[in-house]
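Read the structure below first, then the notes.
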């Protein structure tokens, strides 16, 4: 029985630990979840689907239009006629009915090539929708990366606070020991306990901040209240990004530049549509008609009691624009101005992008330098705390000196964590501007 307990108890303990452990969420999993569920991406996909639907009917402009009409009617009339010779005729309750049906075909054979421009314009709108989705995806991925590593930053800060708590607890023990042996003072003990409690309060606040950032990540990933995961507390940095690599081909990779360029193409097709409206429109027409009238009685002897007509027709219609209050001229000029506007917007977007890249790269380089400085500084701060703590043990310095050393270490840890996170933000921003966050 005792041997069974020795086997079962460790197993139960292992199961309990496993069930309480949080699943580690990788950055790749967070990005994949966001790309699947994010609302902004879904809205962009919906807009693109509308353009794709229009494009699926792109050849409809080349097809004929066929309309069918049918109508029927029943009449009940009273008629009275008086002729010049004095003859009079009158009938009441004259019932009649008629049926009419027709099928008309209209097929535009030539419209100044407008239908071709409209078809190509629909194709460009599909590509524009795809670029809009890419822009949403790039921004969403950047948001996930920044939020994910913000959690990692705050976890590092939480770890630093716990290290500070460990130092504070050791200081409390040492101050109490020195008081017990008669070489310390009561205020030192009290101050050490106050500082330790302050670190506990910071720990609680930091844990709350981590939970809030997880909720923000949940919102980006569009998952509800699932914080039963943890993230890595490491922030990898790419130290080898060059300005030339970012600037090279950026006009063909940045989504906003591609969107601006696509709008120029669409504006050109709009101009073609407007110019096509100056040309004649040649239409092929054909139809089939059926008509039947049935009268129960007639006052006029020359009016038939029953008639039926079946007809077929075929022909062409040429619609030649001559003058429409110069509306075509106005629309063409508007289309030309829109092309100029889109080209100016593209150049302005290009200028803003180049400026943003240069500023982002300068920030990236500055943050790398700050990170290197803080990585060196943290070693000095740790060594300083270790020396001051040992001297304090020997009662050769005051509590204030030890607190200052601990505060310097705490500040150095915060600056290092912040510098590492800011470098990652600058790196992500460069890749976002390049459009390289996704392939």
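The values are calculated or read from the model by the stated rules, or taken from the named source; none is laboratory data. Bear in mind the structure is a predicted one, so any value in this text is a computation, not a measurement. So basically every Cβ, Gly included, is an ideal-geometry build from the backbone, and we count neighbours across all protein chains shown.
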Practice problem: Might you let me know whether region 333-341 holds any residue that is in contact with a helix residue (DSSP H, G or I) (Cβ under 7 Å, 6 or more places away or on another chain), part of a helix (DSSP H, G or I) and within 27 Å of residue 109 (Cβ to Cβ)? | Solution: yes
Quiz prompt | Cβ pairs under 8 Å, 6+ apart, first in region 353-373 and over 25 Å from residue 257 (Cβ atoms), second modelled with pLDDT under 95 and surrounded by fewer than 13 Cβ atoms within 10 Å (Cβ to Cβ) | solution = 368/239
Practice problem: Return the residue satisfying two criteria in turn: it lies in region 393-404 and is touching a residue at least 24 places away in the same chain (Cβ under 8 Å) and closer than 22 Å to residue 160 by Cα, and of such residues it is surrounded by the fewest Cβ atoms within 10 Å (Cβ to Cβ). | Solution: 403
Quiz item: Is region 100-113 home to any residue that is closer than 30 Å to residue 268 by Cα and out of contact with any strand residue (DSSP E or B) (no Cβ under 8 Å at 6 or more places or on another chain)?
Solution: yes
Practice problem: With respect to residue 274, determine if the residue is closer than 30 Å to residue 344 by Cβ, assigned to a loop (DSSP other than H, G, I, E, B) and modelled with pLDDT of 90 or more. | Solution: no
Quiz prompt | Set 136, 89, 127: member being surrounded by fewer than 15 Cβ atoms within 10 Å (Cβ to Cβ), touching a residue at least 40 places away in the same chain (Cβ under 8 Å) and over 30 Å from residue 280 (Cβ atoms) | solution = 89
Practice problem: Go over the candidates 73, 112 one by one and state the one that is assigned to a strand (DSSP E or B) and modelled with pLDDT of 75 or more. | Solution: 73
Quiz prompt | Flag if residue 129 is out of contact with any strand residue (DSSP E or B) (no Cβ under 7 Å at 6 or more places or on another chain), over 30 Å from residue 407 (Cβ atoms) and not in a helix (DSSP H, G or I) | solution = no
Quiz prompt | Any hit, region 198-210, residues being touching a residue at least 40 places away in the same chain (Cβ under 8 Å) and under 22 Å from residue 31 (Cβ atoms) | solution = yes
